[in-house]
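Remarks on the structure that follows.
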Amino acid sequence: MQNEKKNIIIAIDGFSSSGKSTMARRLAAAVGYRYIDSGAMYRAVTLYALEHGMVGADGTPDVDALVAALPDIDIDFAVQSDGSQHTMLNGEDVEGEIRRLRVSNAVSPVAAIPAVRHALVEKQQALGRERGIVMDGRDIGTVVFPDAELKIYVDASAETRARRRFKEMVEKGAAVSYEEVLANVVHRDHIDSTRAESPLRRADDAISLDNSAMSLDEQDLWLLEQFKRAVGE
Ligand code: DC
């Protein structure tokens, strides 16, 4: 049973492949909240840029062209019959496409563009207006929802995270090497934490979690404890 007091905002931030999406999705399901993957929104904008010839061979986005195209980019989430959500770009299901390495390799410079961030942050804040959501990303607890009642900052080493992503990609049939994935993780960590606009950082009031050695069950229990404390149960 939900009650008014339980409709809080939960912000989960951390580096790529820290397991924050799994964590956010499972927590949302456990407490009956909506889950929003903010990274998927940056990935969808990046896919649009790639498909419209706005990313150079060296991975540099054409900032002016992309900013001019922002009003033409509509991003939404469609709930599937199994309860999962698929990212929609201008009405097209791009959930599979946005997880590919070509998008992963191009997304960080796109996510560093201030106008892209402003447009997506606005959309994220609108999605949170009704509260009762779990959103994961890099700047959710610092910029998008600085007043979120529960903020979690996920920490795990680059190697642990690269191993996870590599396993995930191999399971999906991608032809990648562990070294390639690790290089992508390290490269993105660097861009995400050193960019001028909303770099990844732990909010002062966020609870840190290093989940490198935690099972999913242990993590679920830990999250539920944090949730109960945040709603005052
Ligand atoms: O979490 P992810 O790997 O799907 O994120 C994709 C990219 O988007 C990553 O380079 C960081 C960026 N991002 C961001 O800058 N701010 C967010 N709130 C979420 C993701």
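The values are calculated or read from the model by the stated rules, or taken from the named source; none is laboratory data. None of the values given here were measured: they were computed from a predicted structure. Here Cβ is always computed from backbone atoms with ideal geometry, including for glycine, and neighbour counts include all displayed protein chains. Heavy atoms of the whole protein, side chains included, go into the accessibility calculation; ligands, DNA and RNA do not. Shrake-Rupley method; radii C 1.70, N 1.55, O 1.52, S 1.80 Å.
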Problem set entry | Unmet criterion (only one of (1) buried (at least 19 other Cβ atoms within 10 Å of the Cβ); (2) aliphatic (A, V, I, L, M); (3) in contact with a strand residue (DSSP E or B) (Cβ under 8 Å, 6 or more places away or on another chain)) for ALA29 | (1)
For this session: Select from the stretch 32-42 the residues that are in a helix (DSSP H, G or I) and either open to solvent by 20 Å² or more (accessible area, probe 1.4 Å) or free of Cβ contacts under 8 Å to residues at least 40 places away in the same chain (or both) and list them in ascending order.
Result: GLY39
Problem set entry | Boolean, ASP74 is acidic (Asp, Glu) and either at pLDDT 95 or above or open to solvent by less than 30 Å² (accessible area, probe 1.4 Å) (or both) | yes
Seminar exercise, completed: Counted residues in the stretch 77-89 being within 16 Å of VAL116 (Cα to Cα) and either open to solvent by 30 Å² or more (accessible area, probe 1.4 Å) or acidic (Asp, Glu) (or both) come to 0
Problem set entry | Residue, surrounded by the fewest Cβ atoms within 10 Å (Cβ to Cβ), within the stretch 120-135, restricted to residues that are in a strand (DSSP E or B) and away from the ligand (no atom under 12 Å from the Cβ) | ILE133
Exercise. Given the residues ALA162, ALA148, ALA196, which is the only one that is within 14 Å of the ligand (Cβ to nearest atom), in contact (Cβ under 8 Å) with a residue 24 or more places away in the chain, in a loop (DSSP other than H, G, I, E, B) and open to solvent by less than 40 Å² (accessible area, probe 1.4 Å)?
Worked result: ALA148
Seminar exercise, completed: Taking the stretch 51-64 and the residues there that are within 12 Å of VAL110 (Cα to Cα) and in a helix (DSSP H, G or I), the one that is least open to solvent (accessible area, probe 1.4 Å) would be VAL63
Exercise. Only one residue in GLY132, GLY137 is closer than 15 Å to ASP37 by Cα and more than 15 Å from the chain's Cα centre (by Cα). Which one?
Worked result: GLY132
Seminar exercise, completed: Those residues of the stretch 68-119 which are over 14 Å from ALA44 (Cα atoms), among the hydrophobic types (A, V, I, L, M, F, W, C) and in a helix (DSSP H, G or I) amount to ALA68, ALA115
Seminar exercise, completed: For the stretch 215-225 the number of residues that are open to solvent by 60 Å² or more (accessible area, probe 1.4 Å) and more than 19 Å from the chain's Cα centre (by Cα) is 4
